[in-house]
Structures are given as C-alpha cells and as structure tokens.
Amino acid sequence: MKIRGFRYQTQEKIEDAEKISSTLIGGGEKALLKMKSQLSQYLIKSIEYEEKKAICGESRNSYYKTDHDATAMCLKEDSYSGLGSQMHAAYNTQILVSNGFIVTYYVSQDRTDARTLAPTLDQFFQWYGIYPKRVCADAGYGSVNNYEYCEQKGIQAFIKYTAWNGEKTGRNPATYEYIDTQTIRCLGGRVGERIQCPEGYYSKADYAFFLVKSCAKCDFEGYCKRFLKSKSKRSRIFEIQPRWVQLKQQARDRLLSPEGIEIRVNRSCQVEGAFGVIKQNMDYKRFRRRSMGRVTVEFALTCLGMNIRKYLRFAMSGVLPFYWVAPESLKAETFKTPSAKRIKNRMEKKRKLQPNEIAKKGYRRKGKY
C-alpha cells in the first residue's frame, strides 16, 4: 500500500510541476526540467516496484525472472559450488507416504518446511475425507503452529523439534524441564519457581519467568549461561513460553515411546526411500517445466509413476510390502545422560575457532562423509 500511495503522490507532483513557472525556480528552465525528469523516474520506479510486489506476493520475498512462480532457494546439492551457497529457482515439494505408497503430494513456494505441513494434511483431507491418525516428520516441521494444528485435527504428532538431535545425543541437552505452571527443574537438578516479570525484562502475554537459585557449584553452569551477558550471578532466570514447551515435551514423550520408535524407523525407510527412488532410481532431480500449475502436474505424474512401478513389482512377485513392527517387549527410549565435562571441553574448543571455520565444519561436501 505504501508503494501504491507513493505512485499516486508522484503522479500528483508531476501534474503540479506542469503548472510551475520557470521564473519561480532557482536555476530557471534547466532546473525545472531536471526536477520533472526526476519525478518521471520516480514514477517509473514506483510502478516497477508495484509490479514486482504483485508478482512476489505476500508469502515470499523473492522470485526468478525466468519463472515468476519459482522462489530463490539454496538447494542441498548445488551443481555449481557443491556447498548449497548459491541461489536457484526452486519449488518446495512435500509427500505423505503410507505403506510405501505416496498418498498425497503438495508443491509450494515456501523456502522452509514448517509452513507446508498443514496444507499437505488439508489436501489429504480433501481427497480422502479424513485426517491421518498419526503423522511423523523430521525437525524441520517442529513448530507451535504445527503441533497445535495436529492437536486441533485429532492427529497424533510424532514430529521432532529443532533441538531433538542435540538432546537425544546429550551434546546439547535442554537446560530445563517444565514440570507444571509454577515449577521447572534445571539441568543440574535444581528446582525453579515462577516469579513476576523481573526488572529489565520485557513482559509478554504468553511468556513466564522462573528463578533457579544456587547455581555456583553446578557443573552445567557454563553451558546453561552461555548465551547470557552477565555470567557472574549466582542465580538464573528462565524466560519460557509454557505452551510451546508443553507441546514440545509431549512430542518428545511420543517419539521416545515404543510406538514412536516404530513410526520413526518406518518414516526413515518409507518417506526418505520414496524420495530416493524418485531422485536416484528414476533420475528425477529437477523440474522440466515452469510455473506452479505445470510443475504441480509434472510432480503429480512422477509420484503416480512411482506408485505404479511399486504396485506392479509387488503384484508380479505376489509379496505384500513389509515394514518393521516394534516387538511387544520393546521399552521406551531415553535420552543419553549429558556429560558436563564433555560439554565443557567442546565449548572450549569451539571458542578457539573463528566463525568461518565453524561454518566450514558444518558443510557436507559431495562425496565426503
């Protein structure tokens, strides 16, 4: 709206400039012509910005000249640099897999997966009239909106969150455990109580503050306070969003249960396996068409082709697909106990590295694992 308003203001200024006499302007006719030329350039630019904003839309901030529906993304495998550091015209593709077959597909312009879960499940509902009972997804889908969406639709969310891998391995454990509305337990085992918004903190409607005392002799003090400016205080104030923490801990408990272990194992072989068949066996690594509609149809036909190939293979062999089922004796999984000494040593080594060296260590070059 601001760009459009500026466009109309510029048009009015150009009309007003036609009525101005050159005798009223310092510099005479030459200065007046220069001002009119600048106003015309502003008008052209404002129209150009308005057109670009209309093409881009509200849900993204980039598009490609060769394909206006495509979004600029860093791909996992970059054919130019190999590090995923260059932008390419791309679409975000999602699939729902059940018993090895793709039951729903979804193509979007989103650069991240977090906003694509709800539209994919809604499309599943449009096709089949019901929502799936369980959904398992990786950490890219772990957000408050997705957890709440699954809760509203009656879907059991076996969805990892961003810090899942660090907490599971004990390398980056959670600094606290949410017990109830008035209590938390920190990583060192100390109990924290809820307090009013302290001085110097900004109070938010959906946030709560908890105070943990006696941090002096805690082995995890350095790790717990690593992001704080003042690390000399003997206490620690946690600023928590209770709703988010509750949803995250519920998802964690589901994922660690025997049912969660079973669905996690099957997700790895079914969903990732389906993408592996499409990309490697079918050699389908890039779209041949442009625009959202044509790309969606192309991807739909590709998914259909994969399903037909799989169905014919099972029909010819006479064997039904088999996937791992958790035995009744399987117990719930637990996170690895974090070691304060190892965490401290790793933090000291990381301090010695420059930011670019830390980034290079995170790169996964093609052919090197």
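The values are calculated or read from the model by the stated rules, or taken from the named source; none is laboratory data. Since the model is a prediction, treat every value here as computed from it, not as a measurement. Glycine gets a Cβ as well: all are built from the backbone with ideal geometry, and neighbour counts include every protein chain shown. Side chains are part of the model used for accessible areas, which takes the heavy atoms of the whole protein and leaves out ligands, DNA and RNA. Shrake-Rupley method; radii C 1.70, N 1.55, O 1.52, S 1.80 Å.
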Inter-probe distance in nm under a simple model that places probes 7 Å from Cα toward Cβ, at Y311 and F335: 4.4
With the contact rule set at Cα under 8 Å and sequence spacing of 6 or more, what percent relative contact order holds for the stretch 95-134? 29
Set the Förster radius R0 to 25 Å, insert the Cβ-Cβ distance between K350 and L211 as r into 1/(1 + (r/R0)^6), and round the FRET efficiency to 0.05. 0.30
Excluding ligands, DNA and RNA, what is the solvent-accessible area per residue of the stretch 266-317 at a probe of 1.4 Å, expressed in Å²? 66
What value in Å³ per residue do you get for the convex hull of the alpha-carbon atoms in the stretch 205-352? 266
If the label point sits 7 Å along Cα→Cβ of R171, residues of the stretch 331-351 with amide N under 13 Å come out as 343, 346-347, 350
Can you tell me how the stretch 65-173 classifies by the Cα gyration tensor, rounded, prolate or oblate, using a/c under 1.5 as the rounded cut? oblate
So the FRET efficiency between H88 and I237, C-beta based with R0 = 35 Å and rounded to 0.05, is 0.20
Just how large is the dipole of the stretch 104-203 about the Cα centre, in debye to the nearest 20, putting +1 at every Lys and Arg Cβ and -1 at every Asp and Glu Cβ? 280
Holding the Cα-Cα limit at 20 Å, pick out from K213/K248; K213/K336; K53/K76; K248/K336; K153/K248 the pairs that are longer than that. K213/K248; K213/K336; K53/K76
Please give the length that would be gained between V103 and S230 if that part of the chain were fully extended, namely 0.36 nm times their separation in residues minus their C-alpha to C-alpha distance (nm, one decimal). 40.5 nm
So, in nm, how far is label A31 from label E328 when the simple model puts each one 7 Å beyond its Cα toward the Cβ? 9.6
